[in-house]
Amino acid sequence: MYTGLQHAHSALAYLVLIGVAISLLAASAGLFGGSTFTDKNRKLSLLGLIPTHLQWVLGLILYFVSPLGMSNASGDAMKDATSRLYFLEHPLMMVLAVVLITIGYSKAKRQMGTTSGFKTIAIFYGLGLLLILSRIPWISWPGN
């Protein structure tokens, strides 16, 4: 079970990055294009929101069953950089990224018919993407 969750979490990370990047690019294009935020744009921003939430659920389960997560809660986890990344830094930054992306989507869907929806998506999804990229455990990605 653990290995399957780990593989699913790693594979879904690609979809999260692609979805958030597409949503961010579409919002930036709409913002600089001067168009109004429509229902189509709201649905396009779901490409970033849905995989992010699915990834969060898988990550939460993985955090409690992984030997690198909650079961590594000893004081030694904070002394080693890799252990600290998996135990504290990665989960904390990912939760903050999910919260920012969710807030961005929630605020933007109330700004239909204005250009503000694009700005909201661009800011919140952009910040979320930065947090995600800052704390991906690159050392464990395939090819490294």
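The values are calculated or read from the model by the stated rules, or taken from the named source; none is laboratory data. Owing to the predicted nature of the structure, the values given are computational and were not obtained by experimental measurement. Here the Cβ is made from the backbone with ideal geometry for all residues, glycine too, and neighbour counts use every protein chain on show.
Looking only at the range 3-23, which residues are hydrophobic (A, V, I, L, M, F, W, C) and modelled with pLDDT of 95 or more?
Keep residues of the range 3-23 that are hydrophobic (A, V, I, L, M, F, W, C), which gives 5, 8, 11-13, 15-18, 20-22.
Correct list: LEU15, VAL16, LEU17, ILE18, VAL20, ALA21, ILE22.
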Checked the range 92-144 for anything closer than 16 Å to LEU49 by Cα, touching a helix residue (DSSP H, G or I) at 6+ places or on another chain (Cβ under 8 Å) and of a type in the set (Gly, Ala, Ser); matches are ALA97, GLY104, ALA108, GLY117, ALA122, GLY126, GLY128
Among the residues listed as SER28, SER10, SER35, the single one being touching a residue at least 40 places away in the same chain (Cβ under 8 Å) and part of a loop (DSSP other than H, G, I, E, B): SER35
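I'd like to know if the range 82-94 contains one or more residues that are of a type in the set (Phe, Trp, Tyr), at pLDDT below 90 and either under 30 Å from SER35 (Cβ atoms) or buried (at least 18 other Cβ atoms within 10 Å of the Cβ) (or both).
Taking the range 82-94 and keeping what is of a type in the set (Phe, Trp, Tyr), we get 86-87.
With at pLDDT below 90 added as a condition, the list becomes 86-87.
Of the ones still in play, those that are also either under 30 Å from SER35 (Cβ atoms) or buried (at least 18 other Cβ atoms within 10 Å of the Cβ) (or both) are 86-87.
Within the range 82-94 (the criterion being of a type in the set (Phe, Trp, Tyr), at pLDDT below 90 and either under 30 Å from SER35 (Cβ atoms) or buried (at least 18 other Cβ atoms within 10 Å of the Cβ) (or both)), the answer is yes, since at least one residue qualifies.
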Could you check the range 101-144 and list, in sequence order, the residues that are among the hydrophobic types (A, V, I, L, M, F, W, C) and either loosely packed, with under 14 Cβ neighbours inside 10 Å or within 20 Å of TYR14 (Cβ to Cβ) (or both)? ILE101, LEU129, LEU130, LEU131, ILE132, LEU133, ILE136, TRP138, ILE139, TRP141
Within the range 96-139, how many residues are without any contact (Cβ under 8 Å) to a residue 40 or more places away in the chain, over 18 Å from LYS43 (Cα atoms) and of a type in the set (Val, Ile, Thr)? 1
What number of residues within the range 45-57 satisfy the criterion of being touching a Phe, Trp or Tyr at 6+ places or on another chain (Cβ under 8 Å) and buried (at least 19 other Cβ atoms within 10 Å of the Cβ)? 3
If we ask which residues in the range 38-58 are in a helix (DSSP H, G or I), among the β-branched types (Val, Ile, Thr) and over 16 Å from GLY128 (Cα atoms), their number turns out to be 1
Flag for VAL16 being closer than 15 Å to LEU131 by Cβ, under 11 Å from the mean Cα position of the chain (by Cα), surrounded by fewer than 15 Cβ atoms within 10 Å (Cβ to Cβ) and not hydroxyl-bearing (Ser, Thr, Tyr): no
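If I go through the range 24-44 residue by residue, how many of them are more than 23 Å from PRO91 (Cα to Cα) and surrounded by 13 or more Cβ atoms within 10 Å (Cβ to Cβ)? Explain how you work it out, then say what you get.
Here is the first cut: in the range 24-44, the ones more than 23 Å from PRO91 (Cα to Cα) are 25-44.
Pick out the ones that are also surrounded by 13 or more Cβ atoms within 10 Å (Cβ to Cβ) and you get 25-31, 36-38, 41-42, 44.
Residues that pass the stated criteria total 13.
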Looking for something farther than 14 Å from LEU129 by Cα, touching a helix residue (DSSP H, G or I) at 6+ places or on another chain (Cβ under 8 Å), of a type in the set (Phe, Trp, Tyr) and in contact (Cβ under 8 Å) with a residue 40 or more places away in the chain - is there at least one such residue anywhere in the range 61-84? no
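Of the residues GLY126, GLY113, which single one is under 17 Å from ALA29 (Cβ atoms) and among the small types (Gly, Ala, Ser)?
Working: GLY113 fails: under 17 Å from ALA29 (Cβ atoms).
From the options GLY126, GLY113, the qualifying one is GLY126.
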